[in-house]
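Data first, discussion second: the structure below is written as structure tokens.
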Amino acid sequence: MSLLELDDVKVHFPVKKGLVFDRTVGHVYAVDGISLSVEAGQTYGLVGESGCGKTTLGRAVLRLVDITAGGVVFDGTDLAKLPDEEMRRYRRRLQMVFQDPLGSLNPRQNIESILSEGMAAHGIGTDRADRREKIKAILAKVGLPTNSLSRYPHEFSGGQRQRIGIARALVLEPDVIICDEPVSALDVSIQAQVINLLEELQESLGLTYLVIAHDLAVVRHISDVIGVMYLGSLVEEAPSDALYAEPKHPYTKALMSAVPVPDPEVEDRRERILLQGDLPSPANPPAGCRFHTRCPWAQDTLCATERPVLTDVGGGHKVACHFAAEIEAGTVGLNRPIGIEAVVGEGTPPLVEAAEPADEPAGESGAVPAPREAAEKADTV
Ligand SMILES: Nc1ncnc2c1ncn2[C@@H]1O[C@H](COP(=O)(O)OP(=O)(O)O)[C@@H](O)[C@H]1O
Ligand code: SF4
Ligand SMILES: [Mg+2]
């Protein structure tokens, strides 16, 4: 059995209307039937464009949002069914690292106070001195100087602040860390350092990760398995190498075509698949295949009427597309142009944005770190 298993998880947010009676007039189908398994000591990378439900899924695992249906089985226990009191005990073992390190750290608390808070709440460490020693050891592990203890979040650069966020998770000695866009707010030169740190920590501490990102390049090297999400569901899942070598779902092909290739010659020949139109609203998802309104290969039969099921096509490579085999064989054709020239000038937004806006709810994240570039330059990590 896997350490973490999601079984047909749904998170539907009610849409309310009316000042007095608060009628529910519809739902946002943010997460709409996701099943996946994360093996102990491994990394599951979850990708998809902004608004497809990644953060909501991560929060559902920790029960930070109400789960509408489905199971979240962690170490043999279905967290979705646990009474709140019991869930509290499990929460220590599943931690989250947020996108915006500054916003998720209280500016008025020093680092020792930030890191010891959760330890005290979960009964880790016998007293203050003991907790301080544990914190010092973790700070060394994440590459921060011991004198960080008495300093405040604003005194650190973006990369260092993300290290503090990681340390805050680690002091609770978790089994699973959900990293939600762990490097999206960081300067590109710092991103690799934080990803490498996550990898080192995984190796030395035996951690299990669910890494969420809108950028395939971020999850590529760190993930054992990658799941691609579109409008609340998985459209493809495969071992990382297989997904990169042979993306099978049209949406994954499009995402992949947006990732630059280091070889300049290959890069020059790279054909980008720019999808037309925006992500449809999860409050009113298209019938049939949810991707059919933007899929360059959409066919007249099935696509608009029947929702394809995620199916294993061999070697653990799963895809949810009625025509995956035909697209691969080249026996069904494109019904829309996919090349960059074909869509430039039509006002089509690029599929993968350069940076995702901070999307943590207020209170947990707050403002985007202000002079990020300036802080990043001083980054000594
Ligand atoms: N608390 C909420 N209430 C209503 N809708 C929400 C809530 N949280 C997220 N959503 C909506 O759910 C969808 C998925 O959001 P999110 O999980 O943040 O996506 P992602 O992390 O992939 O960008 C979005 O349309 C978002 O507006
Ligand atoms: S089922 Fe049809 S619309 Fe959906 S991805 Fe496959 S070809 Fe495209
Ligand atoms: Mg998000």
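No lab work stands behind these numbers, since they all come straight from the coordinates. Remember, predicted model here, so these are calculated numbers, not experimental data. Every residue, glycine among them, receives a Cβ derived from its backbone with ideal geometry; neighbour counts consider all protein chains shown.
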Cα gyration tensor of the chain diagonalised, 5x eigenvalues square-rooted, in angstrom largest first, produces semi-axes 36, 24, 20
As a percent rounded to 5, the proportion of antiparallel DSSP bridges among beta bridges in the chain is 60
Stretched fully, the stretch from Thr77 through Asp312 gains (0.36 nm per residue minus C-alpha distance, one decimal, in nm) 82.0 nm
With -39,500 (n - 2.57) per DSSP H segment of 4 or more residues and division by the full residue count of the chain, the 222 nm estimate, nearest 500 deg cm²/dmol, is -8500 deg cm²/dmol
Per-residue Cβ contact counts at 10 Å, fewest first, order Val38, Val235, Val266 as Val266, Val38, Val235
For the Tyr152, Glu117 Cβ pair and Förster radius 22 Å, calculated FRET efficiency rounded to 0.05 is 0.95
For Lys81, the lysines lying under 25 Å Cα to Cα, once residues fewer than eight places off in the same chain are dropped, come out as Lys10, Lys54
Both in Å, the radius of gyration and Dmax of the C-alpha trace of the range 246-346 are 14.5, 43
Residue span Arg89 to Asp268: 0.36 nm per residue of separation minus Cα-Cα distance leaves a gain in nm of 59.1 nm
Taking R0 as 45 Å and r as the Cβ-Cβ distance between Asp300 and Phe21, the FRET efficiency 1/(1 + (r/R0)^6), rounded to the nearest 0.05, comes to 0.55
Output for the range 65-118: trypsin sites (Lys or Arg not before Pro) sitting in coil per DSSP, at most 12 other Cβ within 10 Å, listed by number, reads Arg108
With the 8 Å Cα cutoff and a minimum separation of six or more residues, the chain has a relative contact order in percent of 20
Plugging the Cβ-Cβ distance of Ala192 and Arg108 into 1/(1 + (r/R0)^6) at R0 = 25 Å yields, to the nearest 0.05, a FRET efficiency of 0.20
